[in-house]
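The values are calculated or read from the model by the stated rules, or taken from the named source; none is laboratory data. Quick caveat, the model's predicted, so the values are computed rather than measured. Neighbour counts run over all protein chains shown; Cβ positions are idealised from the backbone, glycine included. Ligands, DNA and RNA are excluded from the accessible area calculation, which covers all protein heavy atoms including side chains. Shrake-Rupley method; radii C 1.70, N 1.55, O 1.52, S 1.80 Å.
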Amino acid sequence: MLARALQRQVGLLRPTATLSAQLRSGYATAAATTSANNFAAPQTAADLPKLGNIEASWAGLTPTEQKGLSSHLEELQRKDWKELSLEQKKAIYYVAFGPHGPRAPVDAPGAGAKIFVSVVVTIAAAVSVFWLVRSRAPAPVKTMTKEWQEAATDRAVEQKMDPFTGATSEKKRSMVQS
């Protein structure tokens with residue numbers, strides 16, 4: 001445990017060119033570089049962190065260890081899924097879809113207030129656009145006035161239009177809409 005912590009500390013003190021080369025080239029090159037520098041890197045599944053509680057240990061791993069573990073889990077995924085243990089399946093799911101990296105939840109203070117204010121501003125903008133369009137609209141056509149519609153109902157009665165469901169029926173429906 002102490003040896004691994006020391007390796008992590010020494011790994012952080014390496015020159016940035018070596019570290020950036022490791023990040024660019026992937027885990028295989030990083031493992032070879034660390035072995036060349038006499039640092040122990042996870043080479044086999046036994047050297048990797050335990051999969052039992054991957055949710056708790058993932059944040060404590062270095063990026064190189066995370067990359068090694070994810071590549072190990074990718075190898076496991078190529079096997080028959082019936083042969084994998086429940087622990088391995090949970091680890092694969094957590095690394096693929098867990099709340100880490102870009103999927104980490106943002107618990108910023110005041111996030112609820114920001115959401116509330118943005119919703120209120122959006123509703124106010126929608127209402128103001130509706131009011132603006134409504135105020136610029138022309139007056140309603142003359143056939144939409146109440147007098148015109150009452151006159152249309154009288155004319156329908158005179159002409160005995162639609163005797164089953166219209167103005168001349170037993171229900172005496174009117175054509176007034178507003």
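Quick look at the values:
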quantity	calculated
Every residue from the stretch 155-164 that is of a type outside the set (K, R) and surrounded by fewer than 12 Cβ atoms within 10 Å (Cβ to Cβ)	E158, Q159, P163, F164
D80, sole failed condition from (1) assigned by the TED database to the domain that holds W58; (2) touching a residue at least 12 places away in the same chain (Cβ under 8 Å); (3) open to solvent by 60 Å² or more (accessible area, probe 1.4 Å)	(2)
For M161: the one exception among (1) assigned to a helix (DSSP H, G or I); (2) more than 30 Å from E74 (Cα to Cα); (3) not hydroxyl-bearing (S, T, Y)	(1)
Where a residue in the stretch 90-110 is open to solvent by 90 Å² or more (accessible area, probe 1.4 Å) and its partner, wherever it lies, is part of a helix (DSSP H, G or I) and at pLDDT below 85, with Cβ under 9 Å and at least six apart	K90/I54; K90/E55; F97/R103
Hey, T165 more than 30 Å from K50 (Cβ to Cβ), of a type in the set (S, T, Y) and without any contact (Cβ under 8 Å) to a residue 12 or more places away in the chain or not	yes
Lone unmet requirement of (1) open to solvent by 80 Å² or more (accessible area, probe 1.4 Å); (2) at pLDDT below 90 for W148	(2)
